[in-house]
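Chemist: I have a structure here, written as structure tokens, and I will follow up with some questions on it.
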Amino acid sequence: MEQRSITKVIKFLISIIFLFLCGCFNELEKESWHEDAIWYQIFPDRFYNGDLSNDPNKNSLMGTWPYDFQESWSVMPWTSEWYKLQPWEMLNKKDFYYNAQLRRYGGDLQGIIEKLDYIKDLGVNAIYLNPIFESPSAHKYGVKYYHHVDNNFGPNPSLDEKIWSSEDPSDPSTWKWTSADSLFLKLINEIHSRDMHIIIDGVFNHVGIPFWAMDDVMKNGRNSKYADWFIIESWDDPETEINEFSYRGWFGFKDLPEFTEDDFGLIPPIQNHIHAIIKRWMDPNGDGDPSDGIDGWRLDVAEKVNIKFWKTFRRWVNEINPNAYLTGEVWWENYFDNVMINASPWINDDVFDSVMNYRFADLVYKFFIDDKNKITAEFFGKSFAMLIEEYGYSNILKIQNLLGSHDTERLASACVNPDRWIDHANNLNYNPEFKIRKPNLSEYNLQKQITTFQFMFPGTPYVFYGDEVGMWGADDPDSRKPMIWEELDYENETTDPFNNLRNPDIVSVNNDLLSHYKILTDLRAKYISLRRGDYELLYAEDTIFAFSRSYKDEKIISIFNTSKNHQKFDFNLLGIAEIVTPILQSDKSKGLPPHSFRVYEVN
């Protein structure tokens, strides 16, 4: 009896421990948001103009390419035809591609706040903002201050300029909060109140020419306290008429002075400055509670910075918010041969949680879109198996599976233009064969198929603003058109960049496509197997690809036919004995029609 009592006590204790551990694991699972994210990328100047009073003026262009003073300039009308030159653009007698870099549309933080409910209704729960820090450029990758939000994104640009002038940018104790900074903190709060997360662009490889330290170097030369912050190739000789001052710019672009590194990454004074920046935006009030700060960073051209620095960066971030999300732009091994890098050294606990998975987009384009150069389902499956092996499945569940961004042609235009490399000469300035027209119905249906695959496959789906409403566009600058909103009336597109007439394309919200994105986000929210489940390849032959996602007793099966032709398919080939229920399909016909998809729940 005594022994039985002891056994009962032991079993009871084991059960208590088991329940405790389950509770801990459930809490950990609840706290971790990385695998559950659905990403939405916003290019702030082009998303929504919520405050007309803060729009840029021509003085705000000083310090960025093309550096020409514009006698006449104005903010672009949001709904104007994309390629049509405005009166001020015609006065400078330059072409579209010159003027596109001078364009500002007035998008701001107030605009993002006003459209948060739209984003929430879309089913998105994680926002990535392109750079928001003070910079004269439209893209903001040439920063002037890391510690201030761009004044034209906030409510009082002139007041913010006065605040800058009262500070010492090198001394965080002198930093103040501008009106734009405060509005950004409000945006963070509004996002968190909707159970959403936000990360922002950290551009720590290079800055802009107006960057406060570079400005000091240009004024004081060798005597500048910041002379060693940059890679100076030659100093000016005051005895000559010409200015010999030269420095290294990122990828050769003098607009973007590159920071100096040593064996440990960025040199110590630069690291100290960036450490202060991390603290400012991740815990703004410095109380040790990161809930009022951003939830992580997207780190620009991350492979161009010594990985040792990123390990230090990770440690700094974890000290503030261990649940923060870091993702890196780790992209090309050899751009000219279309070879993308194996990012595995950057994807681990002491560097990043994720990278922007351009390898995903590359494979999807080759299997779903390409015609003459189409890869087989077998090669497609083996390529993803290799990717999973290289990165580790737990990391794959957190990776950002994108299909396009501000640096590539839009997904809709990719569907119109098969058999070419992603992000390679995909606009009319470089490739006269690239089709800039609006996609037709079958091409939008192809986009539906591709996004269905994206949402079913392991990894976190990533949507570039406007893809969900059918926006199309060639590579930069065309991928950065102003967002299409239902309440606005847009001019038709009737010309190309060289002012040649073309068949008019109506610019409006594609509600059918938008509804499809909402269906996909709903499914991802409903089925945990699509967020955290195992992956099993079930079938991969010719143009047909099928796989399952499983989590505990939940199982989802997805089947795709990427052919232009109808394919017969026997469901028994998948080896599934259970009864299945269709939850999403492109049509209800038998077999697999061209570019079709089928998604089933296993009962």
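Chemist: Write down, largest first, the equivalent ellipsoid semi-axes of region 344-412 in whole Å, where each equals the square root of 5 times an eigenvalue of the alpha-carbon gyration tensor.
Modeler: Here the semi-axes work out to 23, 16, 7 Å.
Chemist: With every protein chain left in place, what is the accessible area of ASP337 in Å² (1.4 Å probe, nearest 10)?
Modeler: 90
Chemist: Note the angle between two axes, namely the Cα long axis of helix 511-526 and the longest principal axis of the Cα atoms of the chain, as a number of degrees from 0 to 90, rounded to the nearest 10.
Modeler: Its long axis makes an angle of about 60 degrees.
Chemist: Over all distinct alpha-carbon pairs, what is the Kirkwood Rh of region 378-535 in angstrom?
Modeler: Answer for region 378-535: a Kirkwood hydrodynamic radius of 17.0 Å.
Chemist: What is the angle, in °, between the Cα long axis of helix 179-193 and the longest principal axis of the Cα atoms in the chain? Nearest 10 is fine, range 0 to 90.
Modeler: Between the helix axis and the principal axis of the chain, the angle is about 0 degrees.
Chemist: To the nearest 10 degrees, how steep is helix 441-456 against the longest Cα principal axis of the chain, on a 0 to 90 scale?
Modeler: Tilt relative to the chain: about 70 degrees.
Chemist: On to the next question. Please give the charge dipole size of region 394-548, origin at the Cα centre, charges +1 on K and R Cβ atoms and -1 on D and E Cβ atoms. Round to the nearest 20 debye.
Modeler: Dipole magnitude for region 394-548 comes out near 480 debye.
Chemist: What accessible area, in Å² to the nearest ten, does a 1.4 Å probe give for HIS139?
Modeler: HIS139 has an accessible surface of roughly 50 Å² with all protein chains in place.
Chemist: With charges set only on the Cβ (+1 for Lys and Arg, -1 for Asp and Glu), what does the dipole of the chain come to about its Cα centre, in debye to the nearest 20?
Modeler: Numbers: 60 positive and 93 negative charges, 372 e Å.
That gives the chain a dipole magnitude of about 1780 debye.
Chemist: Next question. Taking the C-alpha atoms of region 549-592, how large are the radius of gyration and the largest Cα-Cα span, Dmax, in Å?
Modeler: 12.0, 36
Chemist: Work out, in µm²/s and without decimals, the Stokes-Einstein translational diffusion coefficient of region 32-147 at 20 °C, 1.002 mPa s, Rh from Kirkwood over C-alpha pairs.
Modeler: 136
Chemist: When the Debye formula is applied to the Cα atoms of region 204-278, each taken as the same point scatterer, what base-10 log of I(q)/I(0) results at q = 0.18, 0.19, 0.20 Å⁻¹?
Modeler: Debye curve over Cα of region 204-278, log10 I(q)/I(0) at q = 0.18, 0.19, 0.20 Å⁻¹: -0.71, -0.79, -0.87.
Chemist: Step by step: find N for region 98-224, compute 2.2 N^0.38 Å, then divide the Cα radius of gyration by it. What's the final number?
Modeler: In units of the 2.2 N^0.38 Å rule of thumb, it is 1.16.
Chemist: What is the packing order of peptides 48-57, 382-391, 33-42, 231-240, taking the mean over residues of other C-beta atoms within 10 Å and listing the highest first? Show your work: numbers first, answer last.
Modeler: Details: 48-57: 17.9, 382-391: 16.4, 33-42: 21.8, 231-240: 11.4.
So the peptides 48-57, 382-391, 33-42, 231-240, ranked by packing, come out 33-42, 48-57, 382-391, 231-240.
Chemist: At 37 °C and 0.692 mPa s, what whole-number value in µm²/s does Stokes-Einstein give for the translational diffusion of the chain, with Rh from the Kirkwood sum over Cα pairs?
Modeler: Estimated diffusion coefficient is 127 µm²/s.
Chemist: Continuing with the same structure: Select from ASN445, CYS415, ASN427 the residue farthest towards the positive end of the dipole of region 405-452; place +1 on Cβ of Lys and Arg, -1 on Cβ of Asp and Glu, and compute about the Cα centre.
Modeler: Final value for the positive-end residue is ASN445.
Chemist: Under the rule a/c < 1.5 gives rounded, and otherwise a/b versus b/c splits prolate from oblate, where does region 164-206 land using the Cα gyration tensor?
Modeler: Since a/c reaches 1.5 but b/c is at least a/b, the shape of region 164-206 is classed as oblate.
Chemist: Hey, another quick one. For region 464-504, what is the Kirkwood estimate of the hydrodynamic radius, computed as the reciprocal of the mean inverse distance between distinct Cα atoms, to one decimal in Å?
Modeler: 11.6
Chemist: Give the residue from PRO77, ASN57, TRP33 lying farthest towards the positive end of the charge dipole for the chain; charges sit on Cβ (+1 for Lys and Arg, -1 for Asp and Glu) and the dipole is referred to the Cα centre.
Modeler: Checked the options; the winner is TRP33.
Chemist: To continue, here is another question. How much accessible area does VAL507 have with a 1.4 Å probe, in Å² rounded to the nearest 10?
Modeler: Its accessible surface works out to 20 Å², give or take rounding.
Chemist: Using the Kirkwood radius over C-alpha pairs as Rh, can you work out the diffusion coefficient of region 91-154 via Stokes-Einstein at 25 °C, viscosity 0.890 mPa s, in µm² per second? Can you show the working numbers first?
Modeler: On the way: Rh = 13.8 Å.
My calculation gives 178 µm²/s for D.
Chemist: Ok, one more. When the helices in the chain are scored as -39500 (n - 2.57) per DSSP H run of 4 or longer and the sum is shared across all residues, what 222 nm value do you end up with, to the nearest 500 deg cm²/dmol? Display every interim value, and only then the final one.
Modeler: Details: 17 runs with 183 residues, N = 603.
-9000 deg cm²/dmol, from helical runs alone.
The values are calculated or read from the model by the stated rules, or taken from the named source; none is laboratory data. Just so you know, these numbers come straight off a predicted model, no measurement behind them. All Cβ positions, even for glycine, are placed from backbone atoms using ideal geometry, and neighbour counts span all protein chains on display. Note: areas computed on protein heavy atoms with side chains; ligands, DNA, RNA excluded. Shrake-Rupley method; radii C 1.70, N 1.55, O 1.52, S 1.80 Å.
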